[in-house]
Amino acid sequence: MNYKKLVVGCAGAGLLVASAGAAATERAYSVFVGLQTQSYSTEWNGYSGETDRFRGRGFGATGAFNDNWGARFLYYSTSHTDFDLDNKGFEVMGLWGGNLRREGFKGYVGAGYFSESWEAGGGSVDFSGWLLHVGAGYNWDRWTMDLSMSLRDGSDYESLMADVYGFGGWTVTPISLGLNVGYRF
């Protein structure tokens, strides 16, 4: 038997099996749970103020239309780290990146919308607006892990600060962070 033909045949069969396996692990959807935190830094006319921090949990889903485009929904429930104030809301966004469906490292950026409600003492106040999103993670065959961050529109928070204190000039920088683990299908 010709040794070269056997080696070439085995190599070709190996490549065929490997490529079939890679295609089989391409998964378009995931559901996830994770740890969420929000930070709201305030400034008044250039002077740094307090930073409010919330921590809690979240869950959501991601769908990838192809390996570069996708969408994500996140629902979260967090609590203020210093006093009794709850924050519940959601983020929805479109994603653009690389390796959203396949195994391996992935990265993405996105833009979208958020809406949340702060609740304390029987009252609540609502905030909403646009967001910019960035994230990175790793996809295994059935599991995924992501670290992501959203920079949010601060205008609703700035209006609240002006109403509470009676004067404008406020700048609020709201940032949301998430560490999520998900199941791919």
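A few points about this structure:
- Number of residues in the stretch 72-117 that are part of a strand (DSSP E or B), of a type in the set (V, I, T) and either over 15 Å from G58 (Cβ atoms) or modelled with pLDDT under 95 (or both): the value is 1.
- Condition met for Y138 (in a strand (DSSP E or B) and either surrounded by fewer than 19 Cβ atoms within 10 Å (Cβ to Cβ) or modelled with pLDDT of 95 or more (or both)): yes
- Residue match in the stretch 18-27 (condition: touching a Phe, Trp or Tyr at 6+ places or on another chain (Cβ under 8 Å), assigned to a strand (DSSP E or B) and either under 30 Å from E116 (Cα atoms) or at pLDDT 95 or above (or both)): no
- Test set (1) part of a strand (DSSP E or B); (2) more than 18 Å from G178 (Cα to Cα); (3) among the acidic types (D, E) - D146 fails condition number: (2)
Every residue, every condition in (1) of a type in the set (A, V, I, L, M); (2) more than 15 Å from Q38 (Cα to Cα); (3) out of contact with any Asp or Glu (no Cβ under 6 Å at 6 or more places or on another chain), yes or no:
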| site | (1), (2), (3) |
| --- | --- |
| Y113 | no, yes, yes |
| W130 | no, yes, no |
| L147 | yes, no, yes |
| P174 | no, no, yes |
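The values are calculated or read from the model by the stated rules, or taken from the named source; none is laboratory data. It should be emphasised that the depicted structure is a prediction, and the values quoted were computed from it without experimental measurement. A quick note on method: Cβ atoms are made from the backbone with ideal geometry, for glycine too, and the neighbour counts reach across all protein chains shown.
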